[in-house]
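The values are calculated or read from the model by the stated rules, or taken from the named source; none is laboratory data. It should be emphasised that the depicted structure is a prediction, and the values quoted were computed from it without experimental measurement. Note that each Cβ is placed from the backbone with ideal geometry, even for glycine, and that neighbours are counted across all protein chains shown.
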Amino acid sequence: MYDAVVAGGSISGLLAAREIAKQGYSVLVLEEGFEVGSPEHCGGLVSKNALKELEIEPTDKTFDSEIECAKIFSPEGKEITINSKRQQIIVINRRELDKQAARQARDNGAEISVKTSFQEKIKDGVRTSNGEIKCKYFVDCRGVSRLANKDRDGILLTAQYEVYADWIKEGQVEVYFDQKKYPEFFAWIIPSGRGVGKIGVSGKGINTSASIDEFLKSKGGFSTIRKIFAPIWIKGPIKNFVEKDTVVVGDAAGQAKPTTAGGIFSCGMGGVLAGRAIAKALKMNDSSLLSEYEKEWKEKFGKEFEKQNLARKVLARLDNDTVNKLFKSITPEIEEEISNKEDFDFHTSSILRLLGMKGTFNTMQALLGGEIKRLVQSKA
């Protein structure tokens, strides 16, 4: 009998386990893979402030590089540059980050079992590939796979390759918008160091394998050292995080950003808050206290995610001509303003600056009706 069983050994599940074990309660983490941290689906971008709030100090193994700027390209090739030094964004090795979180969980008393998959919730616990395990609370951190069978519209397929290439610039993230090639999403380059990085594409209804091959071919010579194909969730959080004695956390709860599908901070924070709420419920023998987790997460991220989801819908409706026009209207002053005021973890304000610029706002309102107005009002 465990106080809690966690299905999924990613950042959200491991931090939940850490927080539960920290208060002296027994917790078991089930990881269906052969290794915590593999396969590595994540791009690895996170702010130092986010890691600090998650109580993780990057080690030499975890830290890959620091990001100085982001270049964003329109379909016709115009670029805008956002200076990101002030935001202290880093690229981490997600495989090592998860292992670091696993060590924290273990040091606090949690148990971790790899090559053990969750099969179903039963009355007094869970059924796994290694038999039945009794528990008081079940923490579901199984990732996007939990959502895939419930709402296919919220899923996009991605391809992300790790490559060696001279054209990957250290410290420079690149994002490519093209509604024909990557409808409702984009292509990206995230440097892990000099001449090495993660190249990815995603979009609604596209062949991601063919799309990433075409993108790489357009960039020049390269060598691929890893290929990952994985789904992402872009519709924001699910309705209920808590169902009786089950707590849903991380990607499984839709806690990744609707705009970028990034989730180290928001999913990790979900794990921290869920773990603390479970520990409190165990201490007070009161399962109603689990609702504090959902309340606190939504207070922290809820409004931002609503705005991101709306912004994503607005941007998804733009054709390439409109996107090109928007890029042409961006001045150096606007780039500087976004660089100075951008928050990597809460970035809807920057999207508003791009959509609400003088000379484009009226056109956008005419194109998109009340959706822009709702986005602006939700910012107020």
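Annotations for the structure displayed:
- Inspection of region 303-310 identifies at least one residue that is touching a helix residue (DSSP H, G or I) at 6+ places or on another chain (Cβ under 7 Å), crowded, with 16+ Cβ neighbours inside 10 Å, free of Cβ contacts under 8 Å to residues at least 60 places away in the same chain and in a helix (DSSP H, G or I).
- Hits in region 204-236 (condition: small (G, A, S) and modelled with pLDDT of 95 or more): S209, A210, S211, S218, G221, S223
- Verdict on A311 being at negative phi and in contact with a Phe, Trp or Tyr (Cβ under 7 Å, 6 or more places away or on another chain): no
- Here K239 fits the description: surrounded by fewer than 22 Cβ atoms within 10 Å (Cβ to Cβ), farther than 18 Å from S65 by Cβ and modelled with pLDDT under 95.
- Scanning region 65-79 for residues that are of a type in the set (A, V, I, L, M) and farther than 17 Å from I330 by Cα gives a single hit, I67.
- Matching option when the condition is at positive phi, touching a helix residue (DSSP H, G or I) at 6+ places or on another chain (Cβ under 7 Å) and either of a type in the set (A, V, I, L, M) or not in a helix (DSSP H, G or I) (or both), among G37, G24: G37
- Subset of region 31-72 (residues that are over 26 Å from K169 (Cβ atoms), out of contact with any Lys or Arg (no Cβ under 9 Å at 6 or more places or on another chain) and either free of Cβ contacts under 8 Å to residues at least 24 places away in the same chain or aliphatic (A, V, I, L, M) (or both)): K52, L54, I56, E57
- Pick from region 242-269, criterion charged (D, E, K, R) and over 30 Å from E57 (Cβ atoms), ranking: surrounded by the most Cβ atoms within 10 Å (Cβ to Cβ): D245
- Any hit, region 173-184, residues being basic (K, R) and touching an Asp or Glu at 6+ places or on another chain (Cβ under 8 Å): yes
- The sole residue among E68, E40 that is surrounded by fewer than 16 Cβ atoms within 10 Å (Cβ to Cβ) and outside the structural domain of K328 (by TED's automatic domain parsing) is E68.
- Filter result (surrounded by fewer than 18 Cβ atoms within 10 Å (Cβ to Cβ) and of a type in the set (D, E)) within region 270-295: D286, E292
- Odd one out for T224 among (1) in a strand (DSSP E or B); (2) within 29 Å of S26 (Cα to Cα): (2)
- Restricting attention to region 242-284, the residues that are at pLDDT below 95 and farther than 19 Å from H41 by Cα add up to 3.
- Tally, over region 123-178, of residues that are exposed (fewer than 13 other Cβ atoms within 10 Å of the Cβ) and either more than 27 Å from G13 (Cβ to Cβ) or among the aliphatic types (A, V, I, L, M) (or both): 1
- Against the test of being out of contact with any Gly (no Cβ under 6 Å at 6 or more places or on another chain), among the aliphatic types (A, V, I, L, M), in contact (Cβ under 8 Å) with a residue 60 or more places away in the chain and in a helix (DSSP H, G or I), the options L318, L282, L289, L273 yield a single qualifying residue, L282.
- I228 being surrounded by 15 or more Cβ atoms within 10 Å (Cβ to Cβ), of a type outside the set (D, E, K, R), out of contact with any Gly (no Cβ under 7 Å at 6 or more places or on another chain) and not assigned by TED's automatic domain parsing to the domain that holds A21: yes
- Matching residues, region 38-64, being modelled with pLDDT under 90 and touching a Gly at 6+ places or on another chain (Cβ under 9 Å): P39, H41, C42, G43, D64
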